[in-house]
Amino acid sequence: MGKKDELATIVGKERVLTDQAILEGFQSDSSLVSGEAPECVVQPRSLEDVQWLVRLANEKGWPLLPCSSSDGPRFGGDTVPKVAGAVIVDLSQMNSILRVDKRNKVAMVEPGVTFGELIREVDKEGLRVEMPMMPKKEKSVLASLLEREPTTAPKYNWDACDPMCCLELILGTGDMFRTGNAAGPGTLEEQWAAGQAQKVAMGPAQTDMGRIMQGAQGTMGIATWATIKLELKPELRKGFFVAADRPEGLMDFTYKLLWRKLPDVCLLLNNVDLAAIYGADPAGLPPWVLVYSISGLEHLPEERLRYLEEDVAEIAEAFQVEPMQYVAGLSADRLVDIITKPSGETYWKLGPTGGCQDLFFLTTLDQTPGFVEVLEAEAEAQGFSRDKLGTYIQPIRHGTGCHLEFNLMVDPRLPEEVEQVGALFESAAQKCMDKGGFFSRPYGSLADRVYEKCPDTVSALKKVKGILDPQGIMNPGKLCFS
């Protein structure tokens, strides 16, 4: 019996995909990473399907790559096989919202659930999803949680793993494991009857397996559901811009706002990213804007909105900046509405030129202007147009750190432009690394450079990998597991 026939005994013949166009779609992605085409794509529909697939792969030595769907666009290269004969485990058919708990503000979702689907469901309960800025229309909630993608509201971001809570996992051994207080005692139904909500991420006992799974790019196992923290949906919301010629002109004001925990949405954009998001001409926009929103919740929303606006105005006067609801004809209310929803049919990063290479890492807000200067200088030295260099600064953990992201816009149909962006990405990444940028989620070629700086971490991770995936079948060749 061949590989495809054996896989069909688990998921059914119609859920083993061998269409050449689908397979070639996994050979590269929108971030210009390329590799091997997979041998086939399988679509499990249940925990049991996934468990049997992993056990069969262990028996046969087949490489498995978990993926939230067969549809693009995809970025980062984590779903591009590095070895031949790989099987893509497409989890899009596991798309149930298993539970929404309004009292505890938490939802349980399978890996195929998108942000749009979850937003529609929790909206009925008066809740909202804290999510990354304008995720792809098809973006899996669970995949985003596992990748530690930053959310747009730093006041609700207490820890690096937020807003993820608990996970149900099929480890590389084929064993099922639940993290946090989902581990028990009792079944999930018994826990729910006792008032539990699978919201405590750490556990069982002193283990914290969820942190090992986050950022692992599918090299340790496959998640079959996750719980995510929710927040109350605002009754009223008001957006504002603060414009500046350089990002350093916005830092002190932003720090003060976050220290006081006044805004909900809070992020900074240069004119290139602002134009791409809003659909405007970057030439007519201010070079930099701080975008933030304040909101009124269920009780006395007008009064809350009024005193928040007065508090912000007092801080703005002290720092000599001017919050505005409109800038260059753009509405802050509309922008906040756009960035807190999934992207449209065309992902916003692909709109200007059709392709985008992201360079991102963690730092602190006060260090971001220095990194911006590095990228601008490197782009100028290599002849890369400033009009194609987008920058997005997302404060995290109440402003104690930030996600700094450079979006290198590229036309993938022009080989010389692709080559230029690839060279700029490599050189700029090295300069940012040397300057102290912390690459907590290294993809592709960056992984080797990141991990070679910390051999002790590599040694520890390989020991963990040997326990959770002793046959090395899970996404082989990624991170430090070459």
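The values are calculated or read from the model by the stated rules, or taken from the named source; none is laboratory data. A quick note: this is a predicted structure, and the numbers were derived from the prediction, not measured. With ideal geometry, Cβ positions are generated from the backbone for all residues, glycine too; neighbour counts draw on all protein chains shown.
Just wondering, is there one or more residues in the range 358-374 that are part of a helix (DSSP H, G or I) and either in contact with a Lys or Arg (Cβ under 6 Å, 6 or more places away or on another chain) or under 30 Å from residue 172 (Cα atoms) (or both)? Within the range 358-374, one or more residues are part of a helix (DSSP H, G or I) and either in contact with a Lys or Arg (Cβ under 6 Å, 6 or more places away or on another chain) or under 30 Å from residue 172 (Cα atoms) (or both). Just name the residue that is surrounded by the most Cβ atoms within 10 Å (Cβ to Cβ) out of those in the range 445-482 that are closer than 19 Å to residue 89 by Cβ and of a type in the set (Lys, Arg). The residue in question is 478.
The single residue among 359, 330 that is under 29 Å from the mean Cα position of the chain (by Cα), assigned by TED's automatic domain parsing to the domain that holds residue 275 and at pLDDT 95 or above turns out to be 330. Go through the range 215-240 and report how many residues are closer than 12 Å to residue 169 by Cβ and under 18 Å from the mean Cα position of the chain (by Cα). The number of residues fulfilling the criteria is 7. Going by the structure shown, is residue 10 surrounded by fewer than 20 Cβ atoms within 10 Å (Cβ to Cβ) and in the same structural domain as residue 144 (by TED's automatic domain parsing)? Considered against the rule, which asks whether it is surrounded by fewer than 20 Cβ atoms within 10 Å (Cβ to Cβ) and in the same structural domain as residue 144 (by TED's automatic domain parsing), residue 10 comes out as no.
Given the condition more than 22 Å from the chain's Cα centre (by Cα), β-branched (Val, Ile, Thr) and not assigned by TED's automatic domain parsing to the domain that holds residue 163, answer yes or no: does some residue in the range 375-393 qualify? No, that holds for no residue.
Among the residues making up the range 393-424, those that are assigned to a helix (DSSP H, G or I), in contact with a Leu (Cβ under 6 Å, 6 or more places away or on another chain) and surrounded by 20 or more Cβ atoms within 10 Å (Cβ to Cβ) are 399, 421.
Taken as a whole, the structure places residue 254 among residues that are in contact with a strand residue (DSSP E or B) (Cβ under 7 Å, 6 or more places away or on another chain), farther than 30 Å from residue 66 by Cα and of a type outside the set (Gly, Ala, Ser). Note on the range 239-281: residues that are under 23 Å from residue 130 (Cα atoms) and among the charged types (D, E, K, R) amount to 5.
This table checks each residue for (1) in contact with a Pro (Cβ under 6 Å, 6 or more places away or on another chain); (2) in the same structural domain as residue 139 (by TED's automatic domain parsing); (3) within 22 Å of residue 139 (Cβ to Cβ).
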site	(1), (2), (3)
41	no, no, yes
46	no, no, no
51	no, no, no
63	yes, no, no
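Within the range 257-299, the set of residues being assigned to a helix (DSSP H, G or I) and buried (at least 18 other Cβ atoms within 10 Å of the Cβ) comprises 257, 258, 271, 272, 273, 274, 275, 276, 277, 278, 282. Kindly indicate whether any position in the range 337-352 is within 19 Å of residue 257 (Cα to Cα) and touching a residue at least 12 places away in the same chain (Cβ under 8 Å). No; the residues of the range 337-352 include none that is within 19 Å of residue 257 (Cα to Cα) and touching a residue at least 12 places away in the same chain (Cβ under 8 Å). Out of curiosity, is residue 390 surrounded by 15 or more Cβ atoms within 10 Å (Cβ to Cβ) and either free of Cβ contacts under 8 Å to residues at least 40 places away in the same chain or among the small types (Gly, Ala, Ser) (or both)? Answer is yes for this residue. Of the residues screened, residue 283 is not one that is in contact with a helix residue (DSSP H, G or I) (Cβ under 6 Å, 6 or more places away or on another chain) and either over 21 Å from residue 234 (Cβ atoms) or without any contact (Cβ under 8 Å) to a residue 24 or more places away in the chain (or both). Right, residue 384: modelled with pLDDT of 95 or more, out of contact with any Asp or Glu (no Cβ under 9 Å at 6 or more places or on another chain) and of a type in the set (Phe, Trp, Tyr) or not? It is false that residue 384 is modelled with pLDDT of 95 or more, out of contact with any Asp or Glu (no Cβ under 9 Å at 6 or more places or on another chain) and of a type in the set (Phe, Trp, Tyr). Taken together, the residues in the range 239-251 that are touching a helix residue (DSSP H, G or I) at 6+ places or on another chain (Cβ under 7 Å) and either farther than 30 Å from residue 300 by Cα or surrounded by fewer than 19 Cβ atoms within 10 Å (Cβ to Cβ) (or both) amount to 5. For beta carbons closer than 6 Å, sequence separation of 6+ or different chains, a first residue in the range 304-326 that is farther than 18 Å from residue 286 by Cα and a second that is among the hydrophobic types (A, V, I, L, M, F, W, C) and in a strand (DSSP E or B), the qualifying pairs are 305/236; 308/294.
When the range 397-424 is filtered for residues that are touching an Asp or Glu at 6+ places or on another chain (Cβ under 9 Å), within 30 Å of residue 457 (Cβ to Cβ) and not polar (S, T, N, Q), the ones remaining, listed by number, are 397, 403, 405, 406, 408, 424.
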